[in-house]
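The values are calculated or read from the model by the stated rules, or taken from the named source; none is laboratory data. Because the structure is predicted, anything quoted here is derived from the model rather than measured. Backbone-built Cβ (ideal geometry, glycine too); neighbour counts: all protein chains shown.
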Amino acid sequence: MPDSAAGAGLSRASTPHGSLHWSTLARLIRLSNQSGTLLLMLPTLWALLLASRGTPDWSLLAVFAAGSFLMRSAGVVLNDLADRSFDRLVERTRTRPLASGVLGVPAALGTATVLMVAAAGLLSFTNELTILLSPVALLLATIYPFSKRFVHLPQAVLGFAFGWGVVMAWAAARNRLEIPVWLLYAGSIFWAVAYDTIYALQDREDDARIGVKSSALLFGARTWIAVGVSMGGMLIMLGLTGWIVSLGPGFYAMLAVVGGFFTRQVWTLRGSVSPARAFSMFRQHVWVGWAILAGIWVGFL
C-alpha cells in the first residue's frame, strides 16, 4: 500500500482524538509480522525442552508462547513511543500509528499497560522463582527502546532483553538456575546481535542521518565479520549447553546445518545488501530457531 493510502487508512481507523481502534491496534503491535514474537519465543522453548530433558510441561509451553506474544507486542509499543520522533524521519517507519499522528500517546500507553498486565497474569501459572525474575524482564524491555540513543551496540541490549525469557523458562521448568541456562542465555544474546544487526542494515543511512546508533553503523564495512563472530559465539554456547546436558549427535548435526546457513549469510553480507534483502535475511532466522528446537528434541531421542 502506498504511504499516502496507508496514512488515509490509518486516519479512518482512528478518531481525531487518537482513540484506539482494532485496525490501528493491529498495526501498532505489528500483528501481520510475528517474526519478533517467534524470535522471542523460540529460545524459551529451547530452554523448556532442555530443562525437562525432552518432555516439557505443555502448560508451560502455552504460558511462554502467550507471554512471548504479549511481551513482544508491548515491547514494540514502548519502542514506538520512545522513537516516534525518529520514526517520522525514516521512510520505512514514518507511517507507523504514533509516528504518523493517527494514534495518541495515552492510547499507546494504555495498550502497553494492558499487554504487560496480561503477561504478568500468566506468571500465576509458574513458580515463585520465575515471578522473582520477572521484574528484570520488564526493566530490560523498558530500557531497550532508549539504548540506541546512548549505546553503540543496542542490539546487545535487545539480546539481554529477549534472552531473559530463557532464564525465566528454565526457572519455571526446574525451579532453580544452573550452568546450562547461562550458556543458553549467552547464546541467545549472540544470536540477537547477529540477526538484529542484519535487520539494522535496512536503516543504516537514515540512522546515520538522524543520529541513531546501531551495530550496523558501528561496524560499517566490517559488519559481516561482526555478524560472523556473533553467529560463531551462538553456536559455541549452544554446543557447550548440549554437551553439559548430554544431547546426542542429532543435535550437533543440526548445529552443523545451522552453521552452514550462517556461513552463507555472512558471505552475502560481504557485498552490498539492499534493505529488502536485509529484511528477508533477518526473517530467515525464525527458521534457524525452529531448526535448533528440532535439533534439541532429536538430541534427546
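Just name the residue that is farthest from Ser230 (Cα to Cα) out of those in the stretch 284-295 that are buried (at least 16 other Cβ atoms within 10 Å of the Cβ) and not aliphatic (A, V, I, L, M). The selected residue is Gly295. For Thr268, the conditions (1) buried (at least 17 other Cβ atoms within 10 Å of the Cβ); (2) of a type in the set (Ser, Thr, Tyr); (3) closer than 30 Å to Asn79 by Cα; (4) at pLDDT 95 or above all hold with the exception of (1). Would you say Leu98 is buried (at least 19 other Cβ atoms within 10 Å of the Cβ), touching a Pro at 6+ places or on another chain (Cβ under 6 Å), under 26 Å from Ala200 (Cβ atoms) and not aromatic (Phe, Trp, Tyr)? For Leu98, the condition - buried (at least 19 other Cβ atoms within 10 Å of the Cβ), touching a Pro at 6+ places or on another chain (Cβ under 6 Å), under 26 Å from Ala200 (Cβ atoms) and not aromatic (Phe, Trp, Tyr) - is not met. If the Cβ limit is 6 Å and pairs must be 6+ apart or interchain, which residue in the stretch 280-301 that is under 16 Å from Thr197 (Cα atoms) and at pLDDT 95 or above pairs with which residue that is of a type in the set (S, T, N, Q) and assigned to a helix (DSSP H, G or I)? Qualifying pairs under 6 Å: Met281/Gln265; Arg283/Ser35; Val286/Ser35.
Tally the residues that are of a type in the set (D, E, K, R) and buried (at least 16 other Cβ atoms within 10 Å of the Cβ), restricting the search to the stretch 128-151. Residues flagged as of a type in the set (D, E, K, R) and buried (at least 16 other Cβ atoms within 10 Å of the Cβ) within the stretch 128-151 amount to 1.
Among Ala216, Ala221, which is the only one that is in contact with a Ser or Thr (Cβ under 9 Å, 6 or more places away or on another chain) and over 26 Å from Gly295 (Cα atoms)?
Testing whether each residue is in contact with a Ser or Thr (Cβ under 9 Å, 6 or more places away or on another chain) and over 26 Å from Gly295 (Cα atoms) leaves just Ala216.
Taking residues in the stretch 122-141 that are modelled with pLDDT of 95 or more, and partners anywhere that are of a type in the set (Val, Ile, Thr) and surrounded by fewer than 17 Cβ atoms within 10 Å (Cβ to Cβ), the pairs with Cβ atoms closer than 6 Å and at least 6 places apart or on different chains are Leu123/Ile131. Selection of helices (runs of 4 or more DSSP H) fully inside the stretch 167-254 by the criterion of at least 3 residues being touching a helix residue (DSSP H, G or I) at 6+ places or on another chain (Cβ under 9 Å) and crowded, with 22+ Cβ neighbours inside 10 Å returns 179-200, 223-244.
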